[in-house]
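What follows is one structure encoded as structure tokens, with my remarks underneath.
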Amino acid sequence: MTADGHVGSAVSLRPLRLRDLDRVDQLEHELFGAGAWSRQAYESELAEPARSYVAAVDARDTLVGYAGVALGEDADVMTIGVVAGWRRLGVGARLLDALLDAARASRARRVFLEVRASDEGAQRLYERAGFRPIGIRRGYYQPGNADALVMRLDLAHARPVGAEATASTPTEEDL
């Protein structure tokens, strides 16, 4: 970890792979409980050409976080998840920066996301990147009927929030 609290070289980013999905499935339930996405949902997402998913891995290539974005003129952050022991170390920021890089590369103009209205930590991360609240979706998260705060970022006003946010170039093995 660097002096400023970032994980630095302890974590690297690479494309999320099908072989990561056993770990993603486990983490989904730990991180999102009853709202967890299924393995089949992730298989569909990874097969979709207009999606970009990234994995954060430690030195042993153990998945410690993952994130995805739907690409288009308006991009949508689909998910960001970070293992409890790796939070507040810059992993989420690096994942978010990688999603924003993918959105820029696809020529998106804006990025949208929903975040639990009660998740102030995630909201601070998004605000540091330049996202601004634009509305509330009542009862969006099911089960549980939790509200979602809708946020938008105009990419022209985006700010990097993580250190060394660029994911490594995919190799044939990554695909």
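When you go through GLY35, GLY68, GLY8 one by one, which is the residue that is modelled with pLDDT under 95 and either in contact with a Phe, Trp or Tyr (Cβ under 6 Å, 6 or more places away or on another chain) or buried (at least 20 other Cβ atoms within 10 Å of the Cβ) (or both)?
Values: GLY68 fails: modelled with pLDDT under 95; GLY8 fails: either in contact with a Phe, Trp or Tyr (Cβ under 6 Å, 6 or more places away or on another chain) or buried (at least 20 other Cβ atoms within 10 Å of the Cβ) (or both).
None of the other options fit; the residue is GLY35.
What pairs come up if the first residue lies in segment 68-82 and is part of a strand (DSSP E or B), the second is polar (S, T, N, Q), and their beta carbons are under 8 Å apart, counting only those six or more places apart or on different chains?
So the pair list comes out as GLY68/SER52; GLY68/THR79; VAL69/SER52; ALA75/SER106.
Among the residues in segment 17-24, are any farther than 21 Å from TYR140 by Cβ, in contact with a Phe, Trp or Tyr (Cβ under 8 Å, 6 or more places away or on another chain) and among the charged types (D, E, K, R)? Step through it out loud before you land on a result.
The initial filter retains those residues of segment 17-24 that are farther than 21 Å from TYR140 by Cβ, namely 17-24.
Of the ones still in play, those that are also in contact with a Phe, Trp or Tyr (Cβ under 8 Å, 6 or more places away or on another chain) are 20-21, 24.
From what is left, the residues that are among the charged types (D, E, K, R) are 20.
Within segment 17-24, one or more residues are farther than 21 Å from TYR140 by Cβ, in contact with a Phe, Trp or Tyr (Cβ under 8 Å, 6 or more places away or on another chain) and among the charged types (D, E, K, R).
Residues to consider are VAL111, VAL91, VAL150; find the one that is β-branched (Val, Ile, Thr) and either within 23 Å of GLN26 (Cβ to Cβ) or touching a Pro at 6+ places or on another chain (Cβ under 6 Å) (or both). Write out each step before concluding.
On the way: VAL111 fails: either within 23 Å of GLN26 (Cβ to Cβ) or touching a Pro at 6+ places or on another chain (Cβ under 6 Å) (or both); VAL150 fails: either within 23 Å of GLN26 (Cβ to Cβ) or touching a Pro at 6+ places or on another chain (Cβ under 6 Å) (or both).
After applying the criteria, what remains is VAL91.
Counting residues that are touching a strand residue (DSSP E or B) at 6+ places or on another chain (Cβ under 6 Å), among the acidic types (Asp, Glu) and surrounded by fewer than 18 Cβ atoms within 10 Å (Cβ to Cβ), which strands (runs of 3 or more DSSP E) fully inside segment 100-162 reach at least 1?
Numbers: elements: 110-116, 132-141, 146-154.
In segment 100-162, the matching strands (runs of 3 or more DSSP E) lie at 146-154.
Exactly one condition in (1) over 15 Å from the mean Cα position of the chain (by Cα); (2) of a type in the set (D, E, K, R); (3) modelled with pLDDT of 95 or more; (4) farther than 26 Å from PHE131 by Cα is false for ASP61; which is it?
With (1) over 15 Å from the mean Cα position of the chain (by Cα); (2) of a type in the set (D, E, K, R); (3) modelled with pLDDT of 95 or more; (4) farther than 26 Å from PHE131 by Cα applied to ASP61, the lone miss is (3).
Criterion first (modelled with pLDDT of 95 or more, touching a strand residue (DSSP E or B) at 6+ places or on another chain (Cβ under 8 Å), farther than 17 Å from GLY90 by Cα and polar (S, T, N, Q)) does SER52 satisfy it?
yes
The values are calculated or read from the model by the stated rules, or taken from the named source; none is laboratory data. Since the model is a prediction, treat every value here as computed from it, not as a measurement. Glycine gets a Cβ as well: all are built from the backbone with ideal geometry, and neighbour counts include every protein chain shown.
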